[in-house]
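**Q** To start, I am sharing the structure in question, which I have written as structure tokens.
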Ligand code: T1G
């Protein structure tokens, strides 16, 4: 008996109980305990059937991901499940919470499955760059058929109990006392003379190769660059083309390939990083958070409306404040349109639309927001305007209200210092569209109180965001690093690379789109105004590149004007434009820059390495506390490919010395103004270390 799995008897029913908080993960102790307890039940003549149930919040939620790096140890999960499946006495899995991954595979190794109506099941290994490696790709298809199995396992989602019953994954939904219900179910099996029922004995329905080929085509673009989805298709296909044991062998072979892949290492890193990022170093775990029961958003523009939707989506009443009725009406109309579009896609009902709209109360008066618990300002990105708003908030809002700014680059300390309560002021930088993008870059000011930080980090999760805590600097973390890529990509085009060549390199690397396609989509005039403000503040690049400004001055602002760096005949597909090609050549000539052919490798290095170097400076300055904060920001805010783990994790994978060597190469070619490695980068490289050795 292990200390995580116990055996007891209730009449003729052997009760196997797993207790391995927090999620009953299948570590070595649990696997050994399951093996021992099943053998004990089989050896006991008084036991006629068994029930497998878990203590705590959930049924087994999967293999213990912590064990992957150091090796799983004996007994392996496959034989543990195999012994259950071939047992001479029926075993019933009693499911609550989330039976996921290896947890669902254990349940599929049982002969029957009962679940609480609130339970969910799933095989989410794909999100870890893996596939269900304990029979999931061989057993589930035998229950649900090829198409459903492909959708469930490649999608990696959680299936509610009712749907699982419909699909045949569970046999009965029970409510109330799960243990009693499962024991009653087992006793009824005995009374009916029902014995073990092994899924391995089910002959899978016929499935032609077109099912798998068509499914692979349907995911090709979305899953571009990932390995696991395509291995999963191969493994499920084996369930229809090979006998069970050979299918299991094929599954193991494909699983091990994935386990050894850099893609899976990256995705497993992200799994833990997405949880670690919520724990702010130096912040006491027991910091008392302020209650947030209602909020307000100042500014009903695209960002303000999107931010208000996050409150409503979480069921939190929110006031939306504008200065003019027409702007308020426009903002509310856009919110309604967004919700109705979501309803049209079947993701929410029309009743949900009305419920959420009812939670958003438009107002023209600051007086209406005096009692709220948090205010998020989302007005025009201009310091004077923001200061006016915060002075007003300071005079109107109740004591203890959190005053947040959605600024994307402005100095949060400067904003805080116009109030009498800088300890209550924080930055909450949402990414557009604010109701969709998961990242929230939370910006702590010099004087922001710990309980405000703790409250905002917890509130981020409550509204479905991934909150990352950063310090105050120009561009915080995400945009400060993006600025490096933006600058170098403009230089590369001046020197002879075409915009489409640069964009293809970034797209093939795994970004959702290239730098210039993204700039056209966001609007070239946005960057133009930022550069104008920076020039006014004397912040001019040592090497000023003007070709994009010239494009804007032609009235080409990007997609919204059907022309920017590219031209757009259908309003969305970027087409290289000879006018821009000529304009670039002209600007290069005026700048005395000779055009040359530039290699793909140079483009990749000059776009990405300065971002990583800036990340090293950000770590040195303490603007981000850990490399994982930077990785989470870039994956969730800018589409850095998950199968590369984020810029800092990827830098460790390629080796920091290679980055330092590239810097030396470019310093020779261009001078060291932009090619001086950050001291931390140089130090780690010299020591043969990576950022994750910090
Ligand atoms: N292994 C180790 N630790 C885990 C874990 C796991 N599988 N799942 C969760 N934790 C930790 C997590 O790090 C956190 O720790 C705490 O539990 C609470 O998690 C052979 C190979 C179950 C839906 O992918 O999706 O089985 O921060 O904050 O929001 O085929 O955890 O408290 O120290 O996420 O309520 C497949 C992963 C594994 C499920 C709960 N299973 N987990 O969400 O809490 S691979 C999964 C989740 C596998 C087999 C293959 C979620 C959850 P700490 P949490 P939550």
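Each value in this text was obtained by applying a stated rule to the coordinates, not by laboratory testing. Since the model is a prediction, treat every value here as computed from it, not as a measurement. Please note: Cβ atoms are built from the backbone with ideal geometry, for glycine as well, and neighbour counts cover all protein chains shown.
**Q** Once you put a point 7 Å from the Cα of residue 293 and another 7 Å from the Cα of residue 177, both along the Cβ direction, what distance in nm separates them?
**A** Placing both labels 7 Å beyond Cα along the Cβ direction yields 3.7 nm.
**Q** By counting other Cβ atoms within 10 Å of each Cβ, how are 428, 521 ranked from fewest to most? Please list the in-between numbers first.
**A** On the way: 428 25, 521 15.
With the fewest neighbours first, 428, 521 line up as 521, 428.
**Q** With the Cα gyration tensor of the range 295-470 in hand, give its eigenvalues times 5 under a square root as the equivalent ellipsoid semi-axes, listed largest first in whole angstrom. Before the final figure, lay out the partial values.
**A** Values: eigenvalues 130, 62, 38 Å².
Ellipsoid half-lengths, sorted descending, are 25, 18, 14 Å.
**Q** Run the quick spin-label model on residue 529 and residue 9: label points 7 Å from Cα toward the beta carbon, then report their separation in nm to one decimal.
**A** Once both label points are built, they end up 7.7 nm from each other.
**Q** I've got another one for you. In whole angstrom, how far apart do the alpha carbon centroids of the range 261-329 and the range 376-425 sit?
**A** First find each Cα centre; the distance between them is then 17 Å.
**Q** What is the distance in Å between the Cα centroid of the range 29-90 and that of the range 485-512?
**A** The distance from the Cα centre of the range 29-90 to that of the range 485-512 comes to 52 Å.
**Q** Using a cut-off of under 19 Å, list every residue of the range 658-688 whose amide N is near the label point 7 Å from the Cα of residue 474 along the Cα-to-beta-carbon line.
**A** Flagged as within label range: 672-679.
**Q** Have a look at the range 1-148 and give its Rg and Dmax from the Cα atoms, expressed in angstrom.
**A** Considering the range 1-148 through its Cα atoms, Rg and Dmax are 14.3, 44 Å.
**Q** Identify the residues of the range 567-599 with backbone N under 19 Å of a label point that sits 7 angstrom from the Cα of residue 541 along the Cα-to-Cβ direction, or state none.
**A** 580-599
**Q** For helix 383-396, what angle does its Cα long axis make with the longest principal axis of the chain, in degrees from 0 to 90 and rounded to 10?
**A** Rounded to the nearest ten degrees, it is 60.
**Q** Moving on. How big is the range 5-259 by the Kirkwood estimate over distinct Cα pairs, in Å? Walk me through the intermediate numbers first.
**A** Details: mean 1/r = 0.0552 Å⁻¹.
Result for the range 5-259, one decimal place: 18.1 Å.
**Q** From the Cα gyration tensor of the range 305-352, with a ≥ b ≥ c the square roots of its eigenvalues, which class applies: rounded if a/c is under 1.5, or else prolate if a/b is larger than b/c, or else oblate? Don't skip to the answer; put the middle values down first.
**A** Numbers: a/c = 3.02, a/b = 1.56, b/c = 1.93.
Oblate shape, in that a/c is at least 1.5 and b/c is the bigger or equal ratio.
**Q** Considering the zone a paramagnetic label at residue 522 would reach in this model (a point 7 Å from Cα along the Cα-to-Cβ line), which residues of the range 613-655 have amide N under 11 Å from it?
**A** Under cut-off, by backbone N: 638.
**Q** Roughly what % of DSSP beta bridges within the chain run antiparallel, to the nearest 5? The partial results should precede the final answer.
**A** On the way: 18 of 62 bridges.
Approximately 30 percent, going by the DSSP bridge assignments.
**Q** Another question about this same structure. Under 8 Å for C-alpha pairs, at least 6 residues apart: give me the relative contact order for the range 295-470, rounded to a whole percent.
**A** Values: 338 pairs, mean separation 36.3, N = 176.
Answer for the range 295-470 is 21 percent.
**Q** Can you give the extra length, in nm with one decimal, that the chain gains between residue 337 and residue 383 once fully stretched, where that is 0.36 nm per residue apart less the Cα-Cα distance? Walk me through the numbers before you get to the answer.
**A** Details: separation 46, 0.36 × 46 = 16.56 nm, distance 3.07 nm.
Full extension from residue 337 to residue 383 adds 13.5 nm.
**Q** For 520, 411, which order do you get if you count the other beta carbons within 10 Å of each Cβ and list the fewest first? Don't skip to the answer; put the middle values down first.
**A** Values: 520 28, 411 17.
Least to most surrounded, the residues fall as 411, 520.
**Q** A follow-up question, please. To the nearest 10 degrees, how steep is helix 302-313 against the longest Cα principal axis of the chain, on a 0 to 90 scale?
**A** Roughly 20 degrees between the two axes.
**Q** So, in Å, what gap is there between the alpha-carbon centers of the range 632-688 and the range 228-251?
**A** Centre-to-centre (Cα) distance: 39 Å.
**Q** Over the range 295-470, what is the percentage of antiparallel beta bridges among all DSSP beta bridges, to the nearest 5? Each step should come with its number before you reach the end.
**A** Values: 5 of 29 bridges.
Of all bridge pairs located within the range 295-470, approximately 15 percent are antiparallel.
**Q** Determine the gain in length on full extension of the stretch residue 392-residue 446; use 0.36 nm per residue of separation and subtract their C-alpha separation, reporting nm with one decimal. All intermediate terms of the calculation are to be shown ahead of the outcome.
**A** Working: separation 54, 0.36 × 54 = 19.44 nm, distance 2.14 nm.
Result: 17.3 nm gained on full extension.
**Q** Summing -39500 (n - 2.57) over the DSSP H runs of n ≥ 4 in the chain and dividing by its residue number, what mean residue ellipticity at 222 nm do you reach, to the nearest 500 deg cm²/dmol?
**A** Details: 28 runs with 336 residues, N = 694.
The per-residue figure over the chain is -15000 deg cm²/dmol.
**Q** Based on a Kirkwood Rh over C-alpha pairs, give the Stokes-Einstein translational diffusion coefficient of the range 101-158 at 10 °C and viscosity 1.306 mPa s in µm²/s.
**A** For the chosen part, D equals 138 µm²/s.
**Q** Using Cα atoms only, what is the angle between the long axis of helix 262-276 and the major principal axis of the chain, expressed in degrees (0 to 90) to the nearest 10?
**A** So the helix axis and the longest Cα principal axis differ by about 80 degrees.
**Q** At a Förster radius of 41 Å, what calculated FRET efficiency corresponds to the Cβ-Cβ distance of residue 344 and residue 74, to the nearest 0.05? Present the calculation step by step, with values, prior to reporting the outcome.
**A** Details: r = 53 Å, r/R0 = 1.29.
According to the calculation, E is roughly 0.20.
**Q** Just want the ordering: 420, 261, 218, from fewest to most Cβ atoms lying within 10 Å of their own Cβ. Each step should come with its number before you reach the end.
**A** Working: 420 9, 261 18, 218 13.
With the sparsest Cβ surroundings first, the list reads 420, 218, 261.
**Q** Something else: In terms of the ratio Rg/(2.2 N^0.38 Å) built on C-alpha atoms, what value belongs to the chain?
**A** Details: Rg = 28.4 Å, N = 694, 2.2 N^0.38 = 26.4 Å.
For the chain, the normalised Cα radius of gyration comes out at 1.08.
**Q** Provide the gained length on full extension for the span residue 191 to residue 330, in nm with one decimal, where the gain is 0.36 nm per separating residue minus the Cα-Cα distance.
**A** Details: separation 139, 0.36 × 139 = 50.04 nm, distance 6.61 nm.
Length gained, residue 191 through residue 330: 43.4 nm.
**Q** Follow-up. So how far apart, in nm, are the two label points at residue 284 and residue 66 if each is 7 Å from Cα heading toward Cβ?
**A** Modelled inter-label distance: 2.6 nm.
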